[in-house]
Amino acid sequence: FVGMEEQAAALVTWINSFPNVSQQATKLQDLWDGVQLGGVLCQMIPNEINSQYIKRDFGDNAIMRTNNIKRIIATADSYLSRSAIQFNLQDRVNAQAIAVDRNEQQIHTLVHAMLAVAIECDNKSDYINTIMSLSE
């Protein structure tokens, strides 16, 4: 059984494994602005989300952070709803809890949904190989 801290560290390592990501997270709370998660989602399902919709360099603007997280939630939820995975992300993740409060449990749930996207998308074999190659 893997504890929450180990699981959180593994999720951060996975997110950081993506190329062309502008910043590297050291903990789940670093993902609160949606910039890195949005970049990862754009790499996994580029036809589903325009990278221009993920705002960057907006300082300490809670509305921009919240909007980034809402776009990520909506895109991942829409994508997963068309696959075999019914994640109901819109009902499970509160964008404001992430973008304002840095709620680790909410970020955790969102990154889990992104893992689901990774194993359902067109390049899933690449992402699954990356996941399998990460250290335990």
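The values are calculated or read from the model by the stated rules, or taken from the named source; none is laboratory data. The structure displayed is predicted, hence computed values, not measured ones. Here the Cβ positions follow ideal geometry from the backbone for every residue, glycine too, while neighbour counts run over all protein chains shown. Please note that ligands, DNA and RNA were not included when accessible areas were found on the heavy atoms of the full protein model with its side chains. Shrake-Rupley method; radii C 1.70, N 1.55, O 1.52, S 1.80 Å.
General observations
- Whole-number accessible area per residue in Å² for the chain, which is evaluated in the context of all protein chains at 1.4 Å: 55 Å²
- Three-way shape call for region 82-136 based on the alpha-carbon gyration tensor, with the a/c threshold at 1.5: oblate
- Accessible surface of the chain [probe 1.4 Å, protein heavy atoms]: carbon and sulfur percent: 46 percent
- Solvent-accessible surface of protein heavy atoms, probed at 1.4 angstrom with all chains present, puts MET114, MET64 in the order MET64, MET114, largest first.
- Of the GluC sites (Glu not before Pro) found in region 1-109, none is in coil by DSSP with at most 12 other Cβ atoms within 10 Å of its Cβ.
- Karplus-derived HN-Hα couplings along region 44-52 (A = 6.51, B = -1.76, C = 1.60, θ = phi - 60°), whole Hz, x at Gly and Pro: 6, 10, x, 7, 9, 9, 8, 4, 5
- Projecting the Cα atoms of LEU11, ASN67, LEU89 onto the charge dipole of the chain (Cβ charges, centred on the Cα centre) puts ASN67 farthest toward the positive pole.
- Computed from backbone phi, the HN-Hα couplings of region 93-108 come to 10, 9, 4, 5, 4, 7, 6, 10, 9, 6, 5, 5, 4, 5, 4, 4 Hz, rounded to whole numbers (Karplus: 6.51 cos²θ - 1.76 cosθ + 1.60, θ = phi - 60°; Gly and Pro given as x).
- With the simple model of a label 7 Å out from the Cα in the direction of the Cβ, ASP91 to THR26 spans 3.9 nm.
- For the chain: rounded, prolate or oblate by the Cα gyration tensor [a/c cutoff 1.5]: rounded
- Low-density loop cleavage sites - chymotrypsin sites (Phe, Trp or Tyr not before Pro) in region 1-68, where at most 16 other Cβ are within 10 Å (DSSP): PHE1, PHE58
- 3J(HN,Hα) along region 5-20: 5, 5, 5, 4, 4, 5, 5, 5, 4, 5, 4, 5, 6, 6, x, 6 Hz, from the Karplus curve 6.51 cos²θ - 1.76 cosθ + 1.60 with θ = phi - 60°, whole Hz, x for Gly and Pro.
- Using only side-chain charges placed at the Cβ, +1 for Lys and Arg and -1 for Asp and Glu, the dipole size of region 4-134 relative to its Cα centre rounds to 240 debye.
- Mean sequence separation of contacting Cα pairs (under 8 Å, at least six apart), scaled by the length of region 4-134, corresponds to a relative contact order of 26 percent.
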